[in-house]
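The values are calculated or read from the model by the stated rules, or taken from the named source; none is laboratory data. Because the structure is predicted, anything quoted here is derived from the model rather than measured. Backbone-built Cβ (ideal geometry, glycine too); neighbour counts: all protein chains shown. The accessibility values were calculated without ligands, DNA or RNA, using every heavy atom of the protein model including side chains. Shrake-Rupley method; radii C 1.70, N 1.55, O 1.52, S 1.80 Å.
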Amino acid sequence: MIQERSLQILKTLLPAGAVFTDKASLLTYESDAGLDKALPDGIVFPCNAEDIVQIVRWAALHNVPLIARGAGTGLSGGAVADRGGVIVEFSRMNHVIHVDEYGRRVIAEPGVVNLVLDNQVKQHGLYFPPDPASQRASTLGGNVAENSGGPHCFKYGVTTNYILGLDVVLADGQRVHVGGPALDYPEYDLCGLITGSEGMLALMNSITARLVRNPPGVKTMLAIFHSVEDAGHAVSALIAAGLVPATMELMDQKIIGIAEPFAQAGLPLDAGAILIIELDGYPESLDGQAAEIEQLARQHGAYAIRTAQTAEERTRIWLARKSVAGAISRLAPAYYTVDVTVPRSRLAEVLAKVDVICERYQVRTGYLLHAGDGNLHPMMLIPNPSDRALIQRVLEASHEMVKLCVDMQGSLTGEHGVGIEKRDYMSLMHTPAELLAMWDVKLAFDPANILNPGKVFPSPAAHENGPFAGYTTASLPLDHTLQIDTFFAPTTADEAARGLAAIAQQGRSVRITGAAHEQPHMNATSIILSTAHFSGIKAYAPDDLYITVGAGTPLVEVQQFLAAERKMVSLASPWPTATVGGLVAANVNAPLRMRYGAVRDVVLCATVALTDGRLIRVGRPIVKNVAGYDLTRAFVGSYGTLGLLTDVTLKLVVQPRKQCTLLYPVDDLQHGLLWAKKMLPLSLVASAIVLTKGHAQTALAGLPNSPYLLAYTAEGVAEDVQAELTQVRTALHAVHAPQPVELESWTGTDLWTALLTQTTKDAMLVRIGVPTRDLPVYLQDNAALLNQGSYIADISAGFVYTLTSWENADEAELWVTALRQAALAAQGYALVMEMPAAFMHRVERWGYEPQSLAVMRRLKQRWDAQNILNPGMFIVG
């Protein structure tokens, strides 16, 4: 219980009407949309970032828990003050601050309603895809806190795939930015850790999100089946055929019967199951895709297919789907929704087993499924909420469902979060070592545990200070039998973890490499750790679109294997020997990220050895998983300074049916930038827009001789590719661009690779990152510096890769510094990817200091206390 005097102090720090402590207000905020309830001590309504700073500083001084709340639509008790404290209600921070139409970014406050945001950006021809069923009420801040999904995440991904930067207040009242308007800042991905952390790591002031082009065409179909099993088989068939609908939502007969009387959308009440399949893209492609989907669906049991003929009909279908929660109240005053995920290939199996569970516990249940990503929602009806025996049966049935899905390599929650509801289930899915790794993150951000305490982690036993039942890293046995000289090539993940612990005890440092043989040492106390034995394919799941490989496996080997299967990993490397683990650790992103996402979006899970001997599994081989902090993000771009990757699971995509590139010779940089500016707003299925100068275009024979080359690659369904390239041709013809050369054998990513493969031991390779909107100005203003070598500009990402040779380190440092200062002035950065060995201690590699550096160092201290991993290789030291 907070002392009244403390609350009076808070009232003096904020404008009148910002703090409420009356009983009626407290009762209003005792619950969210779930079952858990607890009375807060107060509610505070911040209006701006300064208010949040004042609130957090007050809470830190008085040791008061703070619980962030958006619209209260969460279902797991995440916004319930079960440890007391003050609810921080963000409804007054509800402004869209800025829409960057060219750069496809939006900056918004956390209280903006999801649907309001999406409608506003659509006025600019843009689209924010995360669309939870609660999007008419849920807020952007709540979506970020829970890493919300929604029906469209099968094609477009979940919230974390769109969050680029956060302006936050830490638990000590310090205001910092993590991430930002540029991409891939040289810092740990704290933005990715905060997303999905349920308000436990920081409070948000504003959110920077990326947007995509609003698809010009949409077609909504209903495929009607006799059974849920048939519908599930149809989903697998569509994915195997390389079709990527925007949504594939499954409703069983019970849910259809609940939704149809409410929405009156014409859903067939006699169907065993229906699939809502929505296609989007260019209108030219939709009829062909719909015909193919109909053929496949009928081959797998669909006995009828209906297509929405009008926008109104489509709206009513989606109203039926998204109104199930409201419609269900017509049958029972309460219900309990279970949120779990399994690999999509096991949906039919898990549904059959859930049916058995529900029959055993005598609970009436209907099913909603995001079938494309394996996320299912059994909805158990509660006719009498005061029937304690029924409630107990419902909770026991839920526990069995969760355990069932976890045992199937799934997750205990796909999108609703852990909160209070599932905190005691976390040990079903995570080992004590993994829970402790999450607790390390919590303490790195919030050492006093004032931000939303009591959520996510299992409740401690009466005699325990933390949630880990006596488990500490001190309890891990040391292996004194390991004999490690100057070269260590473990053959198993367990051996790697034991070896790192032994090395840490010896106070020696480790340099991680993918090379199979010992390399020259920088000093006598350094050990070379090779991942060469972590090689090969460990698991391949074509129906679930993932592959698990050893971290030391060269990417080229993975791609060669997948090519025979007509699949691929959407990563690329200029270096033939580059390993998957090395590319993940360095966060190397090719231009094709604009079509398929960045490394952080492709990595589903990994096994990681920490230097205290812990071996942890982070993530799961599924797209939707919000069971705890997203630790996978921490290791992407960490340069091997937090832990050793031993295996990595990557998301697969089916090879595009068509791939084509338009190449425009460019005589004048200003013209090239003008043409690129015309291209970018058109990109829907583009996988690269690059402007290159120098070595890269020499690999392409038959092109006119020109100083620059502008390339536009599109890939996907043939009709989409053709429609987009026609738009590009038309737009550039209007500004008097020359006729392009059209190639199917080269892509913009190939041009990127061609430049970067020119790197030699005497060359310097620099990557510059600025906000996309500022890249044209940066290229013009710094043309004299960039023209001293070759370069390629990734127009969509806001990157410039420049390659030069220098004989003098001082001159090289002056050149890098000039490029860096211009980038920093544009809220960007410039980092040296490669340089001559003689320059190592004379040319600053990073030249960037994240505002979150203190948090990064605290996390590094918890996972690598002796600082043995790749010392000096990253900003943390």
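The mean sequence separation of alpha-carbon pairs under 8 Å and at least six residues apart, normalised by the residue count of the stretch 85-231, gives a relative contact order of 24 percent. If the cut-off is 28 Å between C-alpha atoms, which lysines fall inside it for residue 693, apart from same-chain ones fewer than 8 positions away? Output for residue 693: 658, 677, 678, 761. Among the chymotrypsin sites (Phe, Trp or Tyr not before Pro) in the stretch 397-455, none sits in a DSSP loop with a Cβ that has at most 11 other Cβ atoms within 10 Å. Sorting the segments 258-268, 107-117 by their residues' average number of neighbouring beta-carbon atoms within 10 angstrom, most packed first, yields 107-117, 258-268.
Projected label points at residue 360 and residue 818, each 7 Å from Cα along the beta carbon direction, are separated by 7.3 nanometres. Using the Karplus relation 6.51 cos²θ - 1.76 cosθ + 1.60 with θ = phi - 60°, the per-residue 3J(HN,Hα) values for the stretch 157-171 come to x, 9, 4, 4, 6, 10, 8, 9, x, 9, 9, 10, 10, 7, 5 Hz, with x marking Gly and Pro. For the pair residue 808 and residue 566 in one chain, pulling the backbone fully straight at 0.36 nm per residue adds 82.3 nm over the alpha carbon distance. Students often forget the sequence filter, so: which lysines lie under 16 Å Cα-Cα from residue 322 once same-chain residues fewer than 8 apart are removed? Within the straight-line cut-off, residue 322 pairs with 254. Percent of accessible area on the chain owned by carbon and sulfur, 1.4 Å probe? So the carbon and sulfur contribution to the accessible surface is 51 percent.
FRET efficiency for the pair residue 516 and residue 841, taken as 1/(1 + (r/R0)^6) with r the Cβ-Cβ distance and R0 = 22 Å, rounds to 0.20. Estimated from helices alone, the mean residue ellipticity of the chain at 222 nm is -9500 deg cm²/dmol (sum of -39500 (n - 2.57) over DSSP H runs with n ≥ 4, per residue).
In the stretch 803-832, which residues have a backbone nitrogen under 12 Å from the label point lying 7 Å from residue 762's Cα in the Cα-to-Cβ direction? Label zone hits: 805-808.
Once the Cβ-Cβ distance of residue 30 and residue 526 is raised to the sixth power relative to R0 = 51 Å, the FRET efficiency obtained is 0.35. Placing dummy labels 7 Å off each Cα toward the beta-carbon, the span from residue 264 to residue 506 is 7.8 nm. Extension gain for the segment residue 726 to residue 491, taken as residue separation times 0.36 nm less the Cα-Cα distance, is 79.4 nm to one decimal. Look at the alpha carbon pairs under 8 Å that are at least 6 residues apart: their mean separation over the length of the chain gives a relative contact order of 11 percent. The Cα atoms of the chain define a convex hull whose projected area, averaged across directions, is 35.9 nm². Stokes-Einstein, applied to the Kirkwood radius of the stretch 523-675 over Cα pairs at a viscosity of 1.306 mPa s and 10 °C, places its translational diffusion at 94 µm² s⁻¹.
Sites listed here are GluC sites (Glu not before Pro) in the stretch 36-116 whose DSSP assignment is loop and whose Cβ has at most 10 other Cβ atoms within 10 Å, and the list is empty. Simple spin-label estimate for residue 744 and residue 854 gives 5.9 nm between the two label positions (7 Å along the Cα-to-Cβ direction from each Cα).
Solvent-accessible surface of the chain, averaged per residue with a 1.4 angstrom probe and all protein chains in place: 36 square angstrom. By a straight-distance test (C-alpha under 23 Å), which lysines pair with residue 442 as possible cross-link partners, with residues fewer than eight away in the same chain excluded? Here the lysines satisfying the reach criterion relative to residue 442 are 422, 455, 624, 860. Relative to the current alpha-carbon distance between residue 541 and residue 254, full extension at 0.36 nm per residue lengthens the span by 100.2 nm. With a Förster radius of 60 Å applied to the C-beta separation of residue 533 and residue 8, the computed FRET efficiency comes to 0.40. Principal axis extents of the Cα atoms in the stretch 707-850, from largest to smallest and rounded to whole angstrom, are 53, 30, 28.
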